[in-house]
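Derivation of every value follows stated rules applied to the coordinates shown; laboratory data play no part. Computed from a prediction, not measured in an experiment: that's the story for all the values here. So basically every Cβ, Gly included, is an ideal-geometry build from the backbone, and we count neighbours across all protein chains shown.
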Amino acid sequence: MNILISGALGRMGRAVYRAAKANGVNVVAGVDLNADLSDLDYPVYKDFASVKEEADVIIDFSSPTTLDSLLSFAESKQIPAVLCATGYTAEQLNKIAAATEKTAIFRSANMSVGVNLVIDLCKKAAKTLPSFDVEIVEMHHNQKVDAPSGTALMLADAIKEVDPEKYYVYGREGRVGKRNEKEIGIHALRGGNVVGEHEVIFAGANEVVKLSHSAASREVFADGAIKAAAFMLGKKRGAYNMDDYIKTL
Ligand SMILES: NC(=O)c1ccc[n+]([C@@H]2O[C@H](COP(=O)([O-])OP(=O)(O)OC[C@H]3O[C@@H](n4cnc5c(N)ncnc54)[C@H](O)[C@@H]3O)[C@@H](O)[C@H]2O)c1
């Protein structure tokens, strides 16, 4: 498998390169805004239009700003894309959905199988404990640019799937008044080099249930991206996510 890494010079782009090497996967090229400063031992370009090498799959860990050029490159070359960046707007998510008519796109704000298991467990908890108050707390390193994390939103969305009347409240600064039973409180902590911590709290009258996930290193996301890329190999169009991959395990 030949892969192209978008966001090649970033923390995750570098981790994907290490994971690729460890798994015997070829990295043929990278794309990164800072290509001029590249210290990598494979070709890195400033934009997709300059890429000369042929790749089988694109793995993107850059930022939502790459989306338009990435989608047109993937469509014109008919290469599946694994989108791992977070912070897309609703409009961008619609663009991705439209692009899946012509291109194979895998998207997940969290590439860890463990987190995706916690998402399933959250659905089960929301069904079993419908009257419990739900709060989500996440913590990430001090370089993260979006808040709350894409994973916190995935966890909240899973609970909202079970109870569509639920709505999100981000922090409660200046709030006067009690919490509504349909609120999902979402709280983002930032500091140090924390890779990614998520806790979902289901608080009832006499008991509290907590589901949590802690990522010990970025390798877990990089390994997941390599596995997703292998899963996407040869796919022509359609929308895919971690659930689709997990079903193949
Ligand atoms: N899905 C997951 O499991 C998962 C896990 C970790 C991080 N992420 C997400 O992946 C993204 C990258 O995370 P990171 O910690 O590696 O960030 P980072 O800032 O270390 O790296 C991002 C890299 O992308 C490049 N880049 C940004 N915009 C670009 C553009 N328009 N064109 C070309 N290159 C561009 C930057 O120059 C940088 O080198 C973030 O959105 C983060 O939230 C997702």
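So between residue 244 and residue 75, what do we pick up on full extension, going 0.36 nm a residue minus the alpha carbon distance?
The span from residue 244 to residue 75 would gain 58.7 nm if fully extended.
Subtract the Cα-Cα distance of residue 117 and residue 34 from 0.36 nm times their separation in residues, and report this length gain in nm to one decimal.
Between residue 117 and residue 34, full extension yields 26.3 nm more.
Return an integer: the convex hull volume of the alpha-carbon atoms of the chain, in Å³ per residue.
Expressed per residue, the convex hull around the Cα atoms of the chain is 138 Å³.
Taking neighbour Cβ counts within 10 Å as the exposure measure, how do 54, 75 sort from fewest upward?
Ascending number of Cβ neighbours within 10 Å: 54, 75.
Roughly how compact is segment 26-106, stated as its Cα Rg over 2.2 N^0.38 Å to two decimals?
Dividing the Cα radius of gyration by 2.2 N^0.38 Å gives 1.07.
Can you give the calculated 222 nm mean residue ellipticity of the chain, where each DSSP H run of n ≥ 4 adds -39,500 (n - 2.57) and the sum is split over every residue, rounded to the nearest 500 deg cm²/dmol?
-10000 deg cm²/dmol
State whether segment 113-214 is rounded, prolate or oblate according to the following rule on the C-alpha gyration tensor (a ≥ b ≥ c being the square roots of its eigenvalues): a/c under 1.5 gives rounded; otherwise a/b larger than b/c gives prolate, and the remaining case gives oblate.
oblate
Cβ neighbours within 10 Å, averaged per peptide: list 194-202, 219-227, 85-93 in order, most packed at the top.
219-227, 194-202, 85-93
So if each residue of separation counts as 0.36 nm, and I subtract the Cα-Cα distance between residue 235 and residue 178, what length gain in nm does that give?
Extending this stretch completely gives an extra 15.6 nm.
Count neighbours as other Cβ atoms within 10 Å of each site's Cβ, and list the trypsin sites (Lys or Arg not before Pro) in segment 44-108 that are DSSP loop with at most 11 such neighbours.
Here the trypsin sites (Lys or Arg not before Pro) that fit, given the DSSP loop and packing criteria, are 52.
Mind giving me the nanometre distance, one decimal, between the label points for residue 165 and residue 52, set 7 Å out from Cα along Cα→Cβ?
6.3
Taking only C-alpha pairs under 8 Å that are 6+ residues apart, what is the relative contact order of the chain in percent?
Reported as a whole number, the value is 23 percent.
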